[in-house]
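Below is one structure; the comments refer to it alone.
The values are calculated or read from the model by the stated rules, or taken from the named source; none is laboratory data. These numbers come from a predicted model, not from an experiment. All Cβ positions, even for glycine, are placed from backbone atoms using ideal geometry, and neighbour counts span all protein chains on display. Calculation scope for accessible area: heavy atoms of the full protein, side chains included, ligands and nucleic acids excluded. Shrake-Rupley method; radii C 1.70, N 1.55, O 1.52, S 1.80 Å.
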Amino acid sequence: MSDLITADLVRLDADLGSEKHDVIRALAATVGEAGRATDVAQLADDAIAREGTSPTGLPGGIAIPHCRTAGVEEPTLAFARLSPPVDFGAKDGPADLAFLISAPAGGDATHLQLLTKLARALVKPAFTDALRAAETREEVVEIVADVLGTAPAAKPAAAAAPAAASASASAGGAAATAPAAAPAAATATRRRLVAVTACPTGIAHTYMAAEALEAAAERAGVDLVVETQGSAGSTPLGADVIRQAEAVIFAVDVGVRDRARFAGKPLVSSGVKRPIDAADAMIAEALRNADDPAAPRVEGSGSDAGAGSGAGTGGGETWGGRTRRVLMTGVSYMIPFVAAGGLLIALSFLFGGYEIVGPYGEIAVNNTLFNLPDVDALGLDHALFGSGLMAYIGALFFIIGKTAFMFFIPALAGYIAYAIADRPGIAPGFIVGGLAANIFGVVDGDGVGVPATGFLGAIVGGVLAGVIAHWIGSWKVPAWARGLMPVLVIPLLTSIIAGLLMLVVLGRPIGWLMDQLNDGLNSMSGSYAILLGVVLGLMMAFDMGGPLNKVAYSFAAAGVGGAALAADAPELKIMASVMLAGMVPPIALALATVVRPKLFTQPERENGKAGWLLGASFITEGAIPFAAADPLRVIPSIMLGSAVTGGLSQALDVSVRAPHGGIFVLFAVDGVLGFIIALVAGVLVGAAAVIVLKSTAKNPAVAPVA
């Protein structure tokens, strides 16, 4: 394999621009000039996109922009010693050492393990001091090679020792070993902790956090074993190691795999960047929690670990936080079903016309690519180009889309149950969700079905299934039966209990409530419909992808799945209000950064550039960086803009048949002019409001959030 870094990939005392995106593009160009990039623009774009999720500046003047990308075919490391330093979002100031770490999208474990060794070395002062003192590019390459263990064996002992220590600390790029063995008497007095680190890309922060925690544990005289759940693979901590640990540290930005293994352990939880900044404090906090009977703990007990005692719960979690996590888990897994199914249905209408809902079955059964349907005989007056081929494709898209959409409600319930009870809750949750959607099509002789409780039933049923599965998982059972619990006993008993409760007890009341809701929607017109649009707009903007936003979105998306075909169906108008209102916040803030750039920090102005596309794509989360930095001014402003858009959308009778896509599904919009008017009005109001509120502040351009 090629060297991870060569002299051609090093720049010393280089002026690569005044802000971090310039540095990233310059380093990507360096990779290209060295013949290591297949697509320089793709590499730069992917690294900048990763930077947008969270800054990669680290304490001590270090920056590690990184990504997995199709722009390179082999892992590559570009390095620059910056002069002048550039702000990458670290709390202690700008960075003078910048590494661009790029791994191919399907990189093999060997290369990724080298990257993990580098990430661990970056928290060692001796390594960074050597880089600052290097006089030649070749010297930089040698320093990095020492750390990676790829340098020639004949090295002075003084130079080789740090590299060996780093390499052994991260051997395999997976679970780190405990500190070096001590004499038996000393080891007996050392306290024991375990930790899990994980970041979204699993390339750098995962391993740097592990290294920082290990170093802090050694300083504190504590034995610590870290499980790094990163791109280079993960070696799970042994059951004995977990059992002997007094407490656990979760430093993660994603879910912990098989979290139930740690059930009952005192817990310290944070994002993956905190250990890099405050590892000593986290070790001390873990030791305090281990001695405190009232400390937060991983939910469950040691005896039910592995039996599904909670997917994401943790000791000390508030009810509000737990509710948010459970709902967000269900919605996050549900959205792909909604997006794929809804867009396919919208495309089926584009290709086959709205009449395709009638003969789609006949077309699928009786026609092929070599025997296309007769659009005139089937009454498909709006098939694209009057083409039998378009009608055939439209029919198939409709079938695929409706099938995907049928899993929307079961997925919502299934993953709500998963968030409460881990994997044993998934099957019962899906089953209860299927009952909520009457996916089996149960009807009597007159065609009247059992109550379909819709998304409300999915939420209630998912919670019910999760709670029951969690309760059964806590039962004390003989050792021989423990293996049967998560795969047989828990799913079976939970399905029976939750299913009967939904059918016998809860089905009719929730079904009645859904009927009243649907009747109310169908009767809404005039000012009532406008008021509904305003309320939905406020919900979409308030938490930008949080629980209120997702409740409003789920409410609208469920309506699209069962909406009448008429363009003026209230469900389709609600979907339009929700989509338009969700597009407003990122676009309004992007506009504000252009109109009054001095009111915003440099990172916010960069986020504003991305806000145009995020908003246009109906990704409300694009407004979060602004709201996090200045919530009291930003959130009311975007709520006002979204409320205006939601109300105008209803007033102008805009409807949309696709549940996602923003401006890219204009083909599915009825009332395109009203769509544009409502969007522009809300954006202008939101941008004006945030400019006015920030202009009244003494220091509107607050410090960027690290």
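Quick notes on this one:
- Computed E for ALA41/ILE439 - FRET, C-beta separation, R0 60 angstrom, nearest 0.05: 0.85
- Greater than 22 Å apart at Cα, pairs in LYS273/LYS598; LYS573/LYS694; LYS550/LYS609; LYS20/LYS550; LYS20/LYS694; LYS91/LYS124: LYS273/LYS598; LYS573/LYS694; LYS550/LYS609; LYS20/LYS550; LYS20/LYS694
- Segment 36-90: translational diffusion in µm²/s, Stokes-Einstein, Kirkwood Rh over Cα pairs, 4 °C, 1.567 mPa s: 107 µm²/s
- If R0 is 41 Å, the Cβ-Cβ spacing of ASP381 and ALA651 corresponds to a FRET efficiency of close to 0.85.
- The amide H of ARG191, built 1.01 Å from its N in the peptide plane, has ASP223 as neighbours under 5 Å, considering only residues 5 or more places off or on other chains.
- Of the solvent-accessible surface of segment 340-438, computed with a 1.4 Å probe over protein heavy atoms with every protein chain present, carbon and sulfur atoms account for 67 percent.
- Gain upon complete extension [PHE370, ALA284; 0.36 nm per residue less C-alpha separation]: 23.8 nm
- Charge dipole (Cα centre; +1 on Lys/Arg Cβ, -1 on Asp/Glu Cβ; no other charges) of segment 581-690 amounts to roughly 260 debye.
- Across segment 57-64, rounded Karplus estimates of 3J(HN,Hα) from the backbone phi angles (6.51 cos²θ - 1.76 cosθ + 1.60, θ = phi - 60°) give x, 10, x, x, x, 10, 9, 10 Hz, Gly and Pro being marked x.
- Extension gain (nm, one decimal) between ARG482 and ASP92, 0.36 nm per residue minus Cα-Cα: 135.4 nm
- Once the chain from PHE664 to THR136 is taken as fully extended at 0.36 nm per residue, the excess over their C-alpha distance is 185.0 nm.
- Once the C-beta distance of ASP292 and LEU500 is scaled by a Förster radius of 45 Å, the resulting FRET efficiency is 0.60 to the nearest 0.05.
- Per residue, segment 1-84 exposes 36 Å² of accessible surface when a 1.4 Å probe is rolled over the protein heavy atoms with every protein chain present.
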